[in-house]
Amino acid sequence: MSFIIKCLDCGHNTSYHPASTTCPKCGSQWREAVYDYEIIGKTLPSQLVNRSSSLWRYHELLPIREPNVSLSLGEGGTPLIRAINLGLMLGCPNIYIKDERQGPTSSFKDRQASVTIAALKEAGITEMVAASTGNVAISYSAYASRAGMKLWAFVTSLVPAVKMREIALYGSQVIKITGSYDQCKQVASEFARQRNLYQDMGARTITSIEAMKTIAFEIAEQLTSVQGTPPDGTLWKTPDWYVQAISGGMGPLGVYKGFREMKQMGWINHIPSFAPIQAEGCAPMVNSWKKGLDKVEPVTSPKTRIETLATGDPGRAYEFLRDYVNSTNGSFECVSDEEAFRAMHVLAKMEGISAEPAAGVAFAGLFKLIRAGIIKPSDTVVVNCTGHTMSADPSILGENWSRDVKFPSADETPQEGLLAALTQVAPERFPKIVIVEDTDEARRLIRRILQSQGNFTILEASNGREGLELIQRVLPDLVVLDLMMPEMDGFTVIELLRAKPETATIPVIVATAKELTAEEKNRLGGQIQSLMQKGDFLNDEFLEEVKALIK
């Protein structure tokens, strides 16, 4: 398929060769691939029906003349997963996770590496240089080994040793730099210049941006298969929001281009609002945007433990991304490392998805934007889960993440010894909490939140009468109670509990979707310990209240 390379500064068009990294007319490094959108827009949709779910199903919109299937490791085609529990928790039911953990090396960087290596192989290039905080070097190493290429991987000393070993395992040469990621890029650039080697330039690399736009194509296709064809007659649906953690900004720059191209071809009718999220300790784009700056204000000394997001100077990538955020009515946001680590816990325990800290930043940003009312309850949101956590650092897990059980000694009978050992982990030793709620989904949600935050014995009832009987029988340490239920409502349950000495002092937290009248609030006055609205279960106050009440 024919395409040209257009300079984003002077508009000059030229043919593509990966070794040519600047505009021959003005010297700009910021260029992009342009295709025959009119023809492709009409012909490609019908051809997709019989193609496999991989990145290469869109090869007419990639800067490769002849896709080399022998280099593929199964990149692209990652699932779009509805986050049912998170949706209930946040009161925003249409949250979807683009699960990029399921790439060949468990990272969205596999898209970048696969397209770039294919282009280099097509051009006869056999050696390259890349600076990385881990994931990009792993992806490039895997694809370079498959293509018979040599990779010089420059990484900072903060990159976990397990990632460095994986890079080396593929046969790449690891060069460890004691310094910041920006300094690492400077050393890599000088090394490539001296040896006249091809260097990956992140967001300025044409193939990287082109590879990332396939995420947008897949989201639109997948969302349409779930929610149905748009009523306006366009081909695919798009979400209201796209959320991703950023360092240099390459991912969202590419994803935006994908949505822009689909709109240009008439496949979709609107581009989602973009929400790039950064780590608070290295948030040059967020800080600059909130100050209204046209150019980025670099962070010279990043202070974040999330090393994959420690780009202090993203350069012009900020200017492009700022324009995209503003034009889509989006929002930049930043979160603390602690908020990101907590979001990792929530995501794993509520949705069964173990994500890398950078993805934790994206989800923490999602929580923040929903709480601020920027993302509305009715919005459809897609969050890019950029990679798997791999080895979980102890600092992320915190204390008491495991329990020790001593195996029976020789002088104990096996049964007696096992029973004695298991008393250390038996649920009977934990505080009892009764959940009285008539909705299965809400009971499951509250149970998972409690299970994720502590050790409790959790009992459940699906209506008020059953709940009252259960509470009177087990005398729990705490009750989480809905108000509107069949057979007996929550108001009556509370009044009957307070009427008997044995249940009168049991703490009650009311969780309701109902907007209470003044009379109803007065009826609850002095009878309960806390009132919370459903959809706000992620609020720390709920968990703090639970822990305080069962001491």
| For G312, residues with placed amide H under 5 Å, excluding near neighbours | D182
| query | Where does helix 206-227 land angle-wise versus the long Cα axis of the chain, in degrees 0 to 90, nearest 10? | reply | 40 degrees
| request: Search the structure for amide H atoms under 5 Å from the amide H of H12, placed 1.01 Å from N in the peptide plane, and list their residues when 5 or more places away or on another chain. | output: C7
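Determine the alpha carbon to alpha carbon distance for each of K163/K263; K295/K368; K213/K303 and list only those over 27 Å. Provide the component values of the computation, followed by the final result.
Values: K163/K263 39 Å; K295/K368 25 Å; K213/K303 30 Å.
Exceeds cut-off: K163/K263; K213/K303.
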| Folded to 0 to 90 degrees: helix 490-499 orientation relative to the chain principal axis, Cα | 40 degrees
| field | Relative contact order %, the chain, counting alpha carbon pairs below 8 Å whose residues are six or more apart | value | 11 percent
| remark: To the nearest 10 degrees, the tilt of helix 540-549 (Cα long axis) against the first principal axis of the alpha carbons of the chain is 30 degrees
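Quick check on the chain: helices-only [θ] at 222 nm, where DSSP H runs of length 4 and up contribute -39,500 (n - 2.57) each and the sum goes over total residues. Nearest 500, please.
-12000 deg cm²/dmol
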| task | Quick one: work out Rg over Rh on the C-alpha atoms of region 109-204, Rh as Kirkwood radius. | result | 0.93
| remark: Taking Cα pairs closer than 8 Å and at least 6 residues apart, the relative contact order of region 24-99 in percent is 20 percent
| field | Cα convex hull volume per residue for the chain (Å³) | value | 196 Å³
| Segment E520-I374, extension gain: residue separation times 0.36 nm, minus the distance between their alpha carbons | 49.5 nm
| field | Karplus-derived HN-Hα couplings along region 144-161 (A = 6.51, B = -1.76, C = 1.60, θ = phi - 60°), whole Hz, x at Gly and Pro | value | 5, 5, 5, 8, x, 10, 9, 10, 9, 9, 9, 10, 7, 5, 7, 5, x, 4
| Once amide H atoms are placed 1.01 Å from N in the peptide plane, what residues at a sequence separation of 5 or more from S336, or on another chain, have their amide H within under 5 Å of its amide H? | E280
| said: Return the unpartnered cysteines for the chain, using a Cβ-Cβ cut-off of under 4.7 Å. | reply: C92, C184, C282, C334, C385
| remark: Once L531 and E502 are pulled to full extension, the length gained, defined as 0.36 nm per residue separation minus their Cα-Cα distance, is 8.2 nm
| request: Just order 44-51, 297-304 by mean Cβ neighbour count inside 10 Å, highest at the front, would you? | output: 297-304, 44-51
| task | Could you let me know the centre-to-centre spacing of region 364-387 and region 89-124, using Cα atoms, in angstrom? | result | 20 Å
| Which FRET efficiency value, to the nearest 0.05, is calculated for K263 and R465 with the Förster distance at 51 angstrom and r the Cβ-Cβ distance? | 0.40
| In region 109-204, what % of DSSP beta bridges are antiparallel (nearest 5)? | 0 percent
| remark: Residue separation between K290 and E66 times 0.36 nm, minus their alpha-carbon distance, gives in nm 76.2 nm
| request: Along Cα→Cβ, 7 Å out, is where each label goes; now give me the distance between the ones at N455 and T492 in nm to one decimal. | output: 3.9 nm
| message | For the pair S157/L48, report the inter-label distance in nm, with labels modelled 7 Å from Cα in the Cβ direction. | response | 4.8 nm
| Mean separation of Cα pairs under 8 Å and 6+ residues apart, divided by the residue count of region 109-204: what relative contact order is that in percent? | 31 percent
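Per residue, how big is the convex hull around the C-alpha atoms of region 428-549? Give it to me in cubic angstrom, could you?
So the per-residue Cα hull volume is 100 Å³.
Laboratory data are not the source of any read-out in this text; all were calculated from the coordinates shown. Bear in mind the structure is a predicted one, so any value in this text is a computation, not a measurement. Neighbour counts run over all protein chains shown; Cβ positions are idealised from the backbone, glycine included.
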